[in-house]
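The values are calculated or read from the model by the stated rules, or taken from the named source; none is laboratory data. Bear in mind the structure is a predicted one, so any value in this text is a computation, not a measurement. Counting neighbours? That spans all protein chains shown, and the Cβs are built from the backbone with ideal geometry, glycine included. Only protein heavy atoms, including side chains, enter the accessible area calculation; ligands, DNA and RNA are left aside. Shrake-Rupley method; radii C 1.70, N 1.55, O 1.52, S 1.80 Å.
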Amino acid sequence: MSNIGSYEEKYKTFDWEISAEELEYGKNGMYNIGYYCSDRICDKGFGKKIALIWQGFKGETKTFTYDDIRIYSNVFAKFLKDNGLQDGDRVCIFMDRIPELYISFLGILKMGSIAQPLFSAFGDEALFTRLDDAKTKAILTTKKHVRKIRRIREKLPELTKVIVVDADDKSLKDDEIAISMENAPRVEHFDVFKAGKETPSVLHYTSGTTGKPKGAMHVHASIISQYITAKWVLDIMPDDIYWCTADPGWVTGTSYGIIGPWANGVTQVVLDSGFSSENWYQFIEKHKVTVWYTAPTAIRLLMKDGTDVVKKHNLSCLRHLISVGEPLNAEAVLWSEQAFGKPFYDSYWQTETGSIVITNYPEMKVKPGSMGKAFPGIKATIVDPKNFEPITKPGTVGLIALKPGWPAMFRTYWANKELYDGKFKNGWYICGDRSSIDNDGYFWFVGRDDDVINTGGHLVGPFEIESALLEHEAVAESAAIGKPDPVNMEVVKAFIALKPGYEPSADLELSIMNFIRKKLSPLAMPQEIEFVKSLPKTRSGKIMRRLLHAKEWGEEIGDTSTLEDD
Ligand code: WT7
């Protein structure tokens, strides 16, 4: 028996109050996520239960009970407060997947600041853009990554505290401070900040087609959605060992890698090392993982290595498998049935939605290739791209649209209300994805409705790549698009027109690729560069990415006169 039981019945009778009541949300005026993910679990008598088993890349492990994460998050909360940080200040977390990342996240929330997690593989430029936009006050990092901050700190006047969590004082510069979570005096009691439901909690940066990445602002009440979706979709039960493979630099890693699981009081495992099938299966077998939340790209990589390597391990511990971030192709679902004896259940959502909105449920029939149905409490449809009216004819492709108002929905884009307002049409929040709905109400994903590149489940903005490319000495003009890739779905391809005096060469290609990898991230690095004499432009001089995209995907280009008028 699953937690949700009958989907149809739950959909009919659901109210978010059901989740709030289970959480006892608001009891004694407490709404803070940090409290619900640590103190509350201890108050309920589970202080000795294991909250986190962490495994590093050398295979070393560390284990933390709920009592430990309560006390260590207090340590961070007190430290930040003692250092003058206040509620509402943005505090960035910039580190690999070490225990301090997960625990300081709660600490930041507990003292009332806003947690701004950023992917540790970001280079100087990607980091700068996001810290500059958020006017971030403090950053928590490690010795390994502090160098990047040193290189940009001068340009960030608001960034007053650089805090290193694994350093001795000697390795630091005068204007940096150290804290050691495990060696600092234990903080048995911390007065958790009395956040309201609508108090900002987490700021996640995500990429759009134009302009810089934007910060999706979430509030403490998001836990109402994250708790119940973790319980009903991921089907987390008290004795589970839960593994979310996502990095908390992205929303999956916070909504379902911290908040959802810990609000449910489950034991979760974290693997802080790169991908290999052998490593992953060993990890599942060793820790007896029962619930596994991962992404299609990872599943496709596992598929490539075949079922022989699966059979070398005892993976009978696995009970429920869920996928997110990109289209889960039917082959991957069927392969998973062969390899693990159970299908992957697809789930769809976004940084902006904060929690799963369309998905498959344990006791619902899975149609391989479909994303499933709307979560109880979510009204989802597809609308006509011209008038934003719901489309009722099954099988017609339209834009995915959601009725605003569920607790985890973002409240604005940081310092960009205009862009936020533009996401709503005719009373619907427009996700920016195309899909159809079949006769049974299942959603079938078709594609994005913009130029954002989805590589391995990570969104990369073409504008950010193009801007960075222009900073390379040889580049005159550039366009970045996604090109088809069998594993990552899409990878970045750049079209480049060179400045006079530069000639295309393999060396130059490599130099440009490395330039982007270092400045932005390995994800944003073009896997292919095509040197061109010039780029197709609209009459107003805008580069026609869509034309390049259509050519690359072998699609009809159609009437280019409309493109030219863009
Ligand atoms: C975009 C959101 C979902 C949290 C992690 C990514 C794409 C997401 C699916 C799915 C097809 C999917 C959409 C969406 N996407 N889930 N199950 N099938 N596409 O959050 O970085 O904000 O990306 O990822 O295009 O809009 P994100």
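Of note:
- Options Pro486, Pro526, Pro504, Pro462: the member that is outside the structural domain of Ser323 (by TED's automatic domain parsing) and without any contact (Cβ under 8 Å) to a residue 40 or more places away in the chain: Pro504
- Check on Gly257, within 13 Å of the ligand (Cβ to nearest atom), open to solvent by less than 20 Å² (accessible area, probe 1.4 Å) and part of a loop (DSSP other than H, G, I, E, B): no
- When segment 302-320 is filtered for residues that are part of a helix (DSSP H, G or I), open to solvent by 50 Å² or more (accessible area, probe 1.4 Å) and not acidic (Asp, Glu), the ones remaining, listed by number, are Met303, Lys304, Lys311.
- Residue within segment 12-33 that is among the aliphatic types (A, V, I, L, M) and closer than 17 Å to Ser180 by Cα present: no
- Of Ser355, Ser336, Ser347, Ser370, all but one fail to be buried (at least 18 other Cβ atoms within 10 Å of the Cβ), near the ligand (Cβ under 10 Å from one of its atoms) and more than 20 Å from His458 (Cβ to Cβ); the exception is Ser370.
- Just one residue in the set Cys37, Cys42 is over 22 Å from Val233 (Cα atoms), surrounded by 13 or more Cβ atoms within 10 Å (Cβ to Cβ) and hydrophobic (A, V, I, L, M, F, W, C); that residue is Cys42.
- Among residues of segment 358-367, those that are within 14 Å of the ligand (Cβ to nearest atom), open to solvent by 20 Å² or more (accessible area, probe 1.4 Å) and touching a strand residue (DSSP E or B) at 6+ places or on another chain (Cβ under 7 Å), counted: 1
- Within segment 269-297, the set of residues being assigned to a loop (DSSP other than H, G, I, E, B), within 25 Å of Lys48 (Cβ to Cβ) and either within 16 Å of the ligand (Cβ to nearest atom) or open to solvent by 10 Å² or more (accessible area, probe 1.4 Å) (or both) comprises Asp272, Lys288, Thr290.
- Taking the criterion of being open to solvent by 10 Å² or more (accessible area, probe 1.4 Å) and either in contact (Cβ under 8 Å) with a residue 40 or more places away in the chain or in contact with a strand residue (DSSP E or B) (Cβ under 9 Å, 6 or more places away or on another chain) (or both), the residues of segment 131-141 that qualify are Asp133, Lys135, Lys137.
- Residue match in segment 246-257 (condition: assigned by TED's automatic domain parsing to the domain that holds Ile322, more than 18 Å from the chain's Cα centre (by Cα), farther than 25 Å from Gly482 by Cβ and of a type in the set (Gly, Ala, Ser)): no
- Which listed residue is more than 12 Å from the ligand (Cβ to nearest atom), without any contact (Cβ under 8 Å) to a residue 40 or more places away in the chain and open to solvent by less than 10 Å² (accessible area, probe 1.4 Å), from Val202, Val219, Val266: Val266
- The requirement of being farther than 29 Å from Glu331 by Cβ and aromatic (Phe, Trp, Tyr) is not satisfied by Trp444.
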